[in-house]
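What follows is one structure encoded as structure tokens, with my remarks underneath.
The values are calculated or read from the model by the stated rules, or taken from the named source; none is laboratory data. None of these values were measured; they are calculated from a predicted model. We place every Cβ from the backbone using ideal geometry, glycine too, and count neighbours over all the protein chains shown. Heavy atoms of the whole protein, side chains included, go into the accessibility calculation; ligands, DNA and RNA do not. Shrake-Rupley method; radii C 1.70, N 1.55, O 1.52, S 1.80 Å.
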Amino acid sequence: MRLFLPQVEVGVCRRCNQKCAACNHFSMLAVPPYVMPISVLREDLLRLGQVAEIGKLSLLGGEPTLHPDIDEMIAMARSTNVANVVSLITNGQLLHKMSERFWHTIRKIEMDCYPGKLSGAQIVHIQHRARENNIDLKIVPIGKFYKCLRSGRGETPEQIQDRFDECPTGHLCVCIDYGYVYRCPQAS
């Protein structure tokens, strides 16, 4: 019997096209540009697939559309059949530059929509592309960043536990990276 993991996240790109001060990934300041090799994701998924079934595999970053082979990453992840759904979590700002193969390969996009970053026309264009390619598009308006677990120095253990308990994802997330599995990517 295999485990069931409702959601697994993979940071396929540790850089972003934004410099959001409250971003918990800190990717523009703390780490050199990095893109995950396709072979690493394939190996991680195949190994995890031996012991678990994934409800939703979310490819994210930084900004995953900066990965030069994101369409190949999506196709490979889908081909492993480890996850029921492969989703891309993006800020949407580069979707207009994506290849036709990308639009034919991805089946679910979760687009975090930050104030003032996308025009109404850009959103309509993304919605049109999603409809014409039968993509499940979820637009998530973002008014503020979620405060991650390590952000409050001097907090009591009870305060940290309260923040964990109030997590918008229900603290069911798992993250995989180079053969390691982490619980709660917000805290790792």
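Just a yes or no: is a residue in segment 116-139 surrounded by 15 or more Cβ atoms within 10 Å (Cβ to Cβ) and under 22 Å from Met36 (Cα atoms)? There is no residue in segment 116-139 that is surrounded by 15 or more Cβ atoms within 10 Å (Cβ to Cβ) and under 22 Å from Met36 (Cα atoms). Of all residues in segment 93-107, exactly one satisfies the criterion of being touching a residue at least 40 places away in the same chain (Cβ under 8 Å) and either over 24 Å from Ile123 (Cα atoms) or not aliphatic (A, V, I, L, M) (or both), namely Gln93.
Residue-wise test of (1) in contact with a strand residue (DSSP E or B) (Cβ under 7 Å, 6 or more places away or on another chain); (2) surrounded by fewer than 16 Cβ atoms within 10 Å (Cβ to Cβ); (3) within 16 Å of Cys173 (Cα to Cα); (4) at pLDDT 85 or above.
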{"site": "Leu5", "(1), (2), (3), (4)": "yes, no, yes, yes"}
{"site": "Arg14", "(1), (2), (3), (4)": "yes, no, no, no"}
{"site": "Asn17", "(1), (2), (3), (4)": "no, yes, no, no"}
{"site": "Ala21", "(1), (2), (3), (4)": "no, yes, no, no"}
{"site": "Ala30", "(1), (2), (3), (4)": "no, yes, no, no"}
{"site": "Val35", "(1), (2), (3), (4)": "yes, no, no, yes"}
{"site": "Leu45", "(1), (2), (3), (4)": "no, no, yes, yes"}
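The numbered conditions (1) open to solvent by 30 Å² or more (accessible area, probe 1.4 Å); (2) closer than 24 Å to Val140 by Cβ are all true for Trp103 except (1). Applying the set (1) part of a strand (DSSP E or B); (2) over 15 Å from the mean Cα position of the chain (by Cα) to Glu110 leaves exactly one unmet item: (2). The residue that is nearest to the chain's Cα centre (by Cα), among those in segment 30-71 that are under 15 Å from Tyr182 (Cα atoms) and not hydrophobic (A, V, I, L, M, F, W, C), is Ser58.
Taking segment 63-105 as the range and being closer than 24 Å to Gln50 by Cα, hydrophobic (A, V, I, L, M, F, W, C) and either modelled with pLDDT under 95 or not in a helix (DSSP H, G or I) (or both) as the test, the residues that pass are Val82, Ala83, Val85, Val86, Leu88. Contact annotation: residue pairs with Cβ atoms under 8 Å, 6 or more positions apart or on different chains, pairing a residue in segment 32-59 that is closer than 18 Å to Leu3 by Cα with a partner that is of a type in the set (Lys, Arg) and open to solvent by less than 40 Å² (accessible area, probe 1.4 Å), are Lys56/Lys108.
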